[in-house]
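For reference, the structure is listed below as structure tokens.
The values are calculated or read from the model by the stated rules, or taken from the named source; none is laboratory data. Bear in mind the structure is a predicted one, so any value in this text is a computation, not a measurement. Virtual Cβ from ideal backbone geometry, glycine too; neighbours counted across all protein chains shown. Protein only, heavy atoms only, side chains kept; ligands, DNA and RNA dropped before computing areas. Shrake-Rupley method; radii C 1.70, N 1.55, O 1.52, S 1.80 Å.
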Amino acid sequence: GCVLVVSVIEQLAQWHNSTVKAAMERLCDYIPGKYQIMCHMSCCIDREMNADVVCHSLRLCKQDPGQPLCHLYSPPKLHHLCELMHPSTFIFLPLQKSFMGFSSVCAFPLLANLCEKIKYVLRNKLPFEDFDGDKFSTFPTLRGYHWRGRDCDDKNTTVYPGRSPDNWDAKSDSNCNGIWGVDPKDGIPYEEKFCKGADSKGVVLLGDSAGAHFHIPPEWMTVTQMSAKSFADLPMAFSDEFDWPQFSEITGFLNSTIGGWTDSLYLRLRKRNRCNHRDLQNISQNVYFSVNIAPCLSFSLARNQLLDNPAIVIYATIGNDVCNGERDTLAHMTTPKEMLSNVVQALRYLDSHLPNGSHVILTGLVDGRFLWDNLHDRYHPLGQLNKDVTYSQLYSFLNCLQVSPCSGWLTPNETLRNLTSERALQLSNVLKEIARSEKFANFDIFYMDFPLRQTAEEWRKMGGEPWQLIEPVDGFHPSQIAAALGTGITWQKALHEWPQVLGKENPFNDQIEAIFKDQGGH
């Protein structure tokens with residue numbers, strides 16, 4: 001974190017031909033007030049030193065005995081490095097103790113309360129603002145309606161998205177799809193007239209950081225594009241864990257503000273049947289280690305087997321089980337035996353909670369060799385100004401720090417990349433066999449490969465380059481373009497191979513929109 005912030009400050013000074021102090025003030029003007037934690041560093045940076053040297057001098061970066069010196073930039077000559085790192089070089093000594101005390105972002109008083117809220121939602125995967133406890137919220141972030149359909153009455157636990165209508169919603173909107181009341185012409189409730197027998201169903205994603213749609217805006221690190229507008233979304237991004245599920249491949253519903261466009265399974269299901277409005281849940285998390293998702297489901301999934309509509313559940317942990325930041329990464333990957341146990345346990349839980357007529361789609365793991373092959377020699381946003389940081393350097397830096405999102409794929413070691421993909425294929429085959437052999441009472445089950453190859457082919461036909469399908473800052477997650485293209489490929493596969501999953505098209509969609517157009521907002 002220190003290296004990234006110092007890099008941006010130094011590049012701002014260079015780009016605007018200003019002092020470091022002026023660059024720091026410029027950055028602080030860009031950033032919303034209580035997020036200006038790095039302003040404490042204003043006296044601690046010298047333009048003659050690269051960010052690695054500054055951060056080691058601040059003791060925010062360190063080299064443990066027996067460990068390599070981790071650096072993002074090419075290191076200066078050894079005698080020069082020692083000279084620069086000597087305390088007499090700096091004028092920040094009175095500040096050092098103060099800044100060190102705030103090395104944890106959450107220690108800052110202005111952010112402490114928000115951090116406590118974020119810790120709550122990280123533990124529970126549930127909305128922080130949920131007054132009736134039905135697992136749905138009227139608040140967007142902190143696992144609110146960016147992640148789940150928006151509640152339309154947060155004081156009534158029997159009113160929430162996805163439930164079967166109460167008395168056909170003749171008097172009020174119990175399922176929050178905006179359709180309620182009685183047609184004065186014939187006395188029939190609108191919900192009964194338009195949605196009865198319409199095969200309404202919601203969509204639930206059980207995923208990892210790719211499903212949550214992790215994204216750090218590149219303009220936060222590209223000084224040639226940086227302005228106050230660049231950081232306008234920082235408070236929202238922070239309280240959504242730097243995820244953007246509202247634009248994601250499975251549960252996206254808002255027009256993208258982070259490039260590309262939004263296309264999602266939810267939006268297509270809603271277009272096919274307007275009665276599906278707001279029936280979505282994104283239960284994903286930013287982790288890079290093997291996760292048994294079943295315990296998380298027990299308190300995160302919102303589905304009543306007796307009262308709610310069926311659901312399409314997408315199980316898509318496309319990298320978690322092979323990705324970790326460990327030096328001996330292969331030893332920490334999920335084994336096929338563990339994968340079988342974890343997934344079957346989760347499916348049994350779903351079978352005891354999903355309404356009859358639901359569907360589950362298991363998505364295979366991605367072949368992450370695509371990342372190194374298409375990015376390693378390109379410049380990272382931090383390296384574009386001076387052509388001094390490639391993705392290969394970034395990956396090595398993160399691996400050295402043991403915080404890489406995926407040591408097995410983000411590495412120059414081709415053998416390791418191949419072994420990681422081999423394990424990913426083994427785990428995908430486990431999922432494929434589960435879909436072929438396991439039977440459940442309340443849902444049918446399907447398997448599909450993660451459509452990376454088809455997505456890349458489609459993007460090439462549109463004149464794009466493969467590297468544009470990868471998030472530019474972390475060099476790891478699918479980009480907004482990849483998410484939108486992936487939706488179309490998944491939809492076509494379902495349409496041709498599993499049409500029963502998608503349900504039939506509602507012939508009353510136009511009438512619903514005409515009558516309830518003012519109640520259709522998400």
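Worth pointing out:
- Estimated 222 nm signal from helices in the chain, with DSSP H stretches of n ≥ 4 weighted -39500 (n - 2.57), rounded to 500: -11000 deg cm²/dmol
- Toward the positive end of the charge dipole of the chain, with +1 on the Cβ of Lys and Arg and -1 on the Cβ of Asp and Glu, the farthest Cα among N292, G149, V53 is that of V53.
- Inter-probe distance in nm under a simple model that places probes 7 Å from Cα toward Cβ, at T138 and E438: 3.9 nm
- Think of region 387-458 as having a plus end and a minus end, set by charges on the Cβ of Lys, Arg, Asp and Glu; of N413, A441, N429, N413 sits farthest toward the positive end of this dipole.
- FRET E, pair T158, Y120, Förster distance 30 Å, beta-carbon r, rounded to 0.05: 0.80
- Tilt relative to the chain, helix 20-30 - C-alpha long axis, 0 to 90 degrees, to 10: 10 degrees
- Close amide H partners of F214, meaning residues 5 or more places away or on another chain with modelled amide H under 5 Å apart, are W244.
- Net +/- balance of residues flanking Y30 in space, Cβ distance below 13 Å, scoring K and R +1, D and E -1: -2
- Linear extension gain, R348 paired with D510, 0.36 nm per residue minus alpha-carbon span: 54.4 nm
- The chain, accessible surface, carbon-and-sulfur percent (1.4 angstrom probe): 54 percent
- Under 5 Å from the amide H of T138 lie the amide H atoms of D151, each residue being 5 or more positions distant or on a separate chain, with H modelled from the backbone and absent for Pro and chain starts.
- With respect to the chain, whose longest principal axis is taken over its alpha-carbon atoms, helix 2-15 is tilted by about 70°.
- Label assignment, Rg/Rh (Cα atoms, Kirkwood Rh) derived from the structure, set (i) 1.07; (ii) 0.97; (iii) 1.01: (iii)
- When the chain is described by a simple charge dipole with +1 on each Lys and Arg Cβ and -1 on each Asp and Glu Cβ, the residue from A198, I258, S18 located farthest towards its positive end is S18.
- For region 302-307, the Karplus equation 6.51 cos²θ - 1.76 cosθ + 1.60, evaluated at θ = phi - 60°, returns couplings of 10, 8, 9, 4, 9, 9 Hz by residue, with Gly and Pro reported as x.
- Within the shell of other residues whose beta carbon sits under 12 angstrom from the beta carbon of P478, the net charge comes to -4, with Lys and Arg scored +1 and Asp and Glu -1.
- Environment charge at D321 (Cβ cut-off 10 Å; Lys +1, Arg +1, Asp -1, Glu -1): -1
- Built amide H within the under 5 Å cut-off of S284, gap 5+: G207
- Reciprocal of mean inverse Cα separation for region 202-510 (Kirkwood radius, Å): 20.1 Å
- Additional length obtainable on full extension of the chain from N167 to Q14, 0.36 nm per residue less Cα span: 48.4 nm
- Net dipole in debye of the chain [+1 Lys, Arg Cβ; -1 Asp, Glu Cβ; about Cα centre; nearest 20]: 200 debye
- Sparsely packed trypsin sites (Lys or Arg not before Pro) within region 365-459, loop by DSSP, other Cβ within 10 Å at most 13: K387, K439
- In terms of distances greater than 30 angstrom between alpha carbons, the cross-link table entries K155/K196; K119/K504; K432/K504; K125/K196; K337/K461 yield K119/K504; K125/K196; K337/K461.
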